[in-house]
Amino acid sequence: QVQLVESGGGLVQAGGSLRLSCAASGNIFKSSTMGWFRQAPGKQRELVATITSGGSTNYADSVKGRFTVSRDNAKNTLYLQMNTLKPEDTGVYYCAARFLSGRYDYWGQGTQVTVSS
């Protein structure tokens with residue numbers, strides 16, 4: 001069983017920064033591709049960033065140059081450093097794990113990020 005718990009969300013002014021964390025339990029973290037997703041009110045959930053088990057990263061165009069995804073396998077923790085935040089970054093942020101199935105089968109409960117203008 002895998003559990004993912006996000007933290008670090010909050011209210012921040014435009015231009016500010018936040019760092020999200022995702023603590024993983026279970027023994028698949030090191031072998032999983034991890035992703036950060038977000039869902040704004042009234043919108044579909046979208047992929048924000050991914051990081052493979054080997055550390056390769058990928059970002060949505062909307063966050064490139066502002067967000068950085070990283071992982072600490074020794075701590076079973078995933079991070080998302082978010083800089084130069086914009087109001088359109090507002091939403092619930094979720095971390096997810098993709099293991100053998102090729103799908104993101106494991107999800108956290110989400111953490112709210114609100115960026116005020």
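The values are calculated or read from the model by the stated rules, or taken from the named source; none is laboratory data. No experiment lies behind these values; they were computed from the predicted model shown. All accessible areas refer to the heavy atoms of the entire protein, side chains included, with ligands and DNA or RNA removed. Shrake-Rupley method; radii C 1.70, N 1.55, O 1.52, S 1.80 Å.
Quantify, in whole percent, the carbon and sulfur part of the accessible surface of the range 1-92 (1.4 Å probe; protein heavy atoms only). Mind showing how you got there, number by number?
Numbers: 2150 of 4780 Å².
Summing carbon and sulfur atoms, their accessible area is 45 percent of the total for the range 1-92.
If you project the alpha carbons of the chain onto the principal axes, what extent comes out on each, in Å, largest first?
Taking the Cα atoms of the chain, the three principal extents are 41, 26, 23 Å.
Please list the equivalent ellipsoid semi-axes of the range 20-89, computed as the square roots of five times the alpha-carbon gyration tensor eigenvalues, in descending order and whole angstrom.
Working: eigenvalues 100, 33, 23 Å².
Those come to 22, 13, 11 Å.
Can you give the percent of C-alpha pairs in the range 1-41 whose distance is more than 11 Å?
The proportion of pairs with Cα distances above 11 Å equals 74 percent.
Which value results when the Cα radius of gyration for the range 54-117 is divided by 2.2 N^0.38 Å?
Scaled against compact globular proteins, the figure is 1.23.
In the range 29-117, how many lysine pairs have Cα atoms under 29 Å apart, counting only pairs 8 or more places apart or on different chains?
Values: LYS30/LYS64; LYS30/LYS75; LYS43/LYS64; LYS43/LYS86; LYS64/LYS75; LYS64/LYS86.
The number of close lysine pairs in the range 29-117 is 6.
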